[in-house]
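Coordinate-derived values only; no laboratory data. All values reported here derive from a predicted model rather than from experimental measurement. No Cβ is skipped: glycine too gets one built from the backbone with ideal geometry, and neighbour counts run over all protein chains shown.
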Amino acid sequence: MNKNTKVLALKYRPQIFDDLIGQEVVAETIINSIKSNKVPNAYLFTGIRGIGKTTIARIVAKSLNCLNGIENLCKENLCENCEAIAESRHIDVLEMDAASKTGVDDVRDLIEFSRYGPTSSKYKIFIIDEVHMLSKQAFNALLKTLEEPPEYLKFIFATTEIKKIPITVVSRCQRFDLSRIKSSELFDFIKKIKDKEKGNATDEALKLIVKISEGSVRDALSLLDRALLSLDGEKELDLSVAQKIFGYFDKSQLIEMFNLILKGDENKVIESYRNIYDQGVEPKIFINDFLEILYYFKNINSLTLESTNFSLNDEEFNQIKEISDNINNEVLILFWQFTIKTLSELDIVSNQHLSIEMFLLRLIHIKGFKPKDEDKVATEDLQDPKEKIETNIASKIMNKDTINQIKNVSQEKKMKLDSQISTKNLNNIKIQSFNELVELCSIKKEMKLKYELEKNVNLVKFENCRIEISFNDNLDKDFVKNLSTKLLEWTNERWIISFSKNQGEMSIKDKEKNEQKELIESTKKTDLHKMVMEYFPDAELIDVKLTRKNEDK
């Protein structure tokens, strides 16, 4: 097959270790082991897609079986073995795709085939791609052969999901973790390929390809192939054309939109987003890019232009740095939280486009930022009332304070008693009534005691350091012991708790039920209830809640 008709990923596939990029340590280790004649029974290559797992497996097979030896490994004028291995037709080098042959019977056939020595080379080699796809039974069948194979037999495994391989298999292999290719190395590589192919593309367009490929050489070459094929004649592939081809938009648009959000310009923010949306950018891609920009705004002072992996150019980097100097970190963290929340909301709404617009408007209304160098008082004087409210709300959210909380009567009583207790010696509290005892249990977080006092205890008499009660059958057997211990702890005095044959008062819960029942009955006699029943004859009054105004009366 003519190389010129191949896609770039196949045309420029490495044939020897020197052709590899980004995997120098792995290559050097393997070469040294072959030179020292310390070849492991099995190699295991793991890493993301497109970084050379299967390619290295074939190079290892060539290195072991090349007629010229590892020192003079064939590169262009291939020997018989190297040529056959490169074309996947060597009789002693069997390549198997575990994704299509996952069963134990396939592995048994492999083991049976391994009983016979190589016919035309030094080693018989089994290359199993995506080995994690093998079944549990298949792995078990392979274990014994993998641990003690014949001297002529070698295994080479490749996988993207190392965690799915049983540890018993991993421990029998020499494992190599292939790293993502660094952005600078990948950029130099595809630039050389572009020049060989006589393509016309700017460095900014190539940097976008590097960013999208996420460290995968195959992805980068496939994207470059697609980009070069989309151009006619001498037309240049610049950043704007590449963004249209790959569905990405200019980061400077996002930075400008962020600036408009901080200024509170609703119309221009929405207009800016719609321009981005019209370029074919999906809402989820927009949100993820927005998160990336937020990260840069928050950490720009600790980053360099190179560490952004070509996500930003010089102008964008400096622009973010300038804007970030006037934004508080609390605002950026708050924006991050809202953006993450919106990302999860996109799967719920039917029109994601509208959801993004509402998200941007929400950011405008919760911004509440102030320049770092300005005095707080001066900033408040410059804000209009609406901005002051937004600032306060943002501050409350960040500090997890309660906003305009409405307290009921019982909460206020508890706060009053809590205030009284705080002004006294914590080990010398005076309890003057049964109700104060119940409230104190609540304040002290003794909820079990509080429950028993309210539900299962009937008060007969309450005096200083003495409580006389009656009780029902549900009272906890350790109630008296627990209550006495706590009273001694709280008041620094010993209390006498005695049981009485007298019935005593109703329990607090029973009182509440009776009061509620009486309230319902009295409400049924009102004109309002009669009028409601005329319109809704099947209605039933089951609860009445008094407003604060009625309780004060």
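What does the extension gain come out to for Asn140 and Asn474, with contour length at 0.36 nm per residue minus their alpha carbon separation?
Working: separation 334, 0.36 × 334 = 120.24 nm, distance 6.00 nm.
Additional length available on full extension: 114.2 nm.
Find, among the GluC sites (Glu not before Pro) in the stretch 214-268, those assigned to loop by DSSP (not H, G, I, E, B) with at most 16 other beta-carbon atoms within 10 angstrom.
Working: sites: Glu214, Glu234, Glu236, Glu256, Glu266; in loops: Glu214, Glu234, Glu236.
Those that pass, being in a loop and sparsely packed, are Glu214, Glu234, Glu236.
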Would you grab the residues whose amide H sits under 5 Å from the one on Leu237? Only those 5+ places off in sequence or on another chain, please, with H modelled 1.01 Å from N.
-> Asn200, Ala201, Thr202
The set of residues whose placed amide H lies less than 5 Å from the amide H of Val460, leaving out same-chain residues fewer than 5 positions away, is Glu468, Ile469, Ser470, Glu505
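Starting from 0.36 nm per residue, how many nanometres of slack lie between Asn428 and Ser230 once their C-alpha separation is accounted for?
On the way: separation 198, 0.36 × 198 = 71.28 nm, distance 8.53 nm.
Stretched out fully, the Asn428 to Ser230 stretch lengthens by 62.7 nm.
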Stokes-Einstein, Kirkwood over Cα pairs, the stretch 111-269, 4 °C, 1.567 mPa s; D in µm²/s equals 64
For the stretch 76-88, in residue order, the Karplus 3J(HN,Hα) values (coefficients 6.51, -1.76, 1.60; θ = phi - 60°; whole Hz; Gly and Pro = x) are 10, 7, 6, 6, 4, 5, 4, 5, 5, 5, 4, 9, 6
What residues of the stretch 223-255 lie in the reach of a label at Lys6, counting those whose backbone N is under 20 Å from a point 7 Å from the Cα along Cα→Cβ?
-> 223-229
Among the aspartates and glutamates, which have Cα under 15 Å from the Cα of Lys194 when same-chain residues fewer than 8 positions away are ignored?
-> Glu185, Asp203, Glu204, Asp219, Asp225, Glu234, Glu236, Asp238
Spacing of the two label points (7 Å from each Cα toward its C-beta) at Lys198 and Trp336, in nm | 5.0
Mind scanning Lys251/Lys298; Lys477/Lys517; Lys53/Lys75; Lys11/Lys207 and naming the pairs with a C-alpha gap bigger than 26 Å?
-> Lys477/Lys517
Please sort by residue number the trypsin sites (Lys or Arg not before Pro) in the stretch 181-251 whose DSSP state is loop and whose Cβ has at most 15 other Cβ atoms within 10 Å.
-> Lys182, Lys198, Lys235
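Please tell me which of these pairs span more than 21 angstrom C-alpha to C-alpha: Lys513/Lys545; Lys430/Lys509; Lys461/Lys509; Lys62/Lys136; Lys211/Lys244? Display every interim value, and only then the final one.
Values: Lys513/Lys545 13 Å; Lys430/Lys509 24 Å; Lys461/Lys509 18 Å; Lys62/Lys136 30 Å; Lys211/Lys244 15 Å.
The answer is Lys430/Lys509; Lys62/Lys136.
What translational D, rounded to a whole number of µm²/s, comes out for the stretch 509-552 from Stokes-Einstein when the hydrodynamic radius is the Kirkwood one over Cα pairs, at 20 °C and 1.002 mPa s?
Details: Rh = 11.6 Å.
Roughly 185 µm²/s, to the nearest whole number.
Would you calculate the convex hull of the Cα atoms in the stretch 3-177 and tell me its volume per residue in Å³?
Working: hull volume 20.3 nm³, N = 175.
In the stretch 3-177, the Cα convex hull volume per residue is 116 Å³.
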Which FRET efficiency value, to the nearest 0.05, do you get for Arg180 and Ser484 by plugging their Cβ-Cβ distance into 1/(1 + (r/R0)^6) with R0 = 41 Å?
-> 0.05
Taking H placed 1.01 Å from N in the peptide plane, check which residues at least 5 places from Lys122 or on another chain put their amide H under 5 Å from its amide H.
-> none
